[in-house]
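Structure record follows, encoded as structure tokens.
Since every read-out is calculated from the coordinates, none of them should be taken as a lab result. Bear in mind the structure is a predicted one, so any value in this text is a computation, not a measurement. Note that we place each Cβ from the backbone using ideal geometry, even for glycine, and neighbour counts take in every protein chain shown.
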Amino acid sequence: MTEDCRDRDGCVDDERLEWLALDARNDGTGETVHWRGGPRIQTAYPWLAIAVIVAAGVLGAAALSIVSPLALVWLPIVALPAAWAFLRVSRTEYVITSRRIAIRRGVLGVSVDVVGLERVQNTTVTQHPIGRAIGYGTVAIEAASGATFAFRTVEKPTAVRERLESRRARTRPDEAPGTVAEWEAILDEVRRWRRAVERPA
């Protein structure tokens, strides 16, 4: 569920993000996606296993007349937690752009959390023994506001953190907003006003 995008700057947005509006400028300073991913779908497997075991138990009990055949009406209810876990994982997406990180989650509704890279203060990777052996973990991101964001159970979390840190290093908090062309236009306007003020009466 992870996509790395590549172009002149290491990344290209092959597929538009419907849930995140990117700043598309034509002067080469537009926002680009540098990593997209989501939780491992395997994290929903335990719920699926539980649903299969319970369903098999109910079917076996009904076949042996231990319970009434009416107990079979509970099978869809038994499957609900597994279906919910699958949808929750499949509808969660993490994004690193050239300017910010974003997290989309939600099954019935949609929740989007966004923080600018210049606001990111610290990042850490957490992997339990199974995650370390299989190659997944969680990247925790601490923002200047004190809020914490997390890319949970992603593939190759160390590589994801390195990509995030690489993008963060290119974003300086003291960098002036706007493009060079915009600042040159402002400077021209200031010069024009100065000439008008200094012109003898």
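From the list ARG161, ARG99, which one is under 22 Å from GLU31 (Cα atoms), crowded, with 17+ Cβ neighbours inside 10 Å, touching a Gly at 6+ places or on another chain (Cβ under 8 Å) and not aliphatic (A, V, I, L, M)?
Only one candidate passes the filter, namely ARG99.
Mind telling me which of the residues VAL58, VAL73, VAL89 ends up being over 30 Å from LEU17 (Cα atoms), surrounded by 13 or more Cβ atoms within 10 Å (Cβ to Cβ) and of a type in the set (Val, Ile, Thr)?
VAL58
Let me confirm something: among ARG132, ARG119, which residue is surrounded by fewer than 19 Cβ atoms within 10 Å (Cβ to Cβ), over 30 Å from ILE53 (Cβ atoms) and not aliphatic (A, V, I, L, M)?
Among ARG132, ARG119, only ARG119 is surrounded by fewer than 19 Cβ atoms within 10 Å (Cβ to Cβ), over 30 Å from ILE53 (Cβ atoms) and not aliphatic (A, V, I, L, M).
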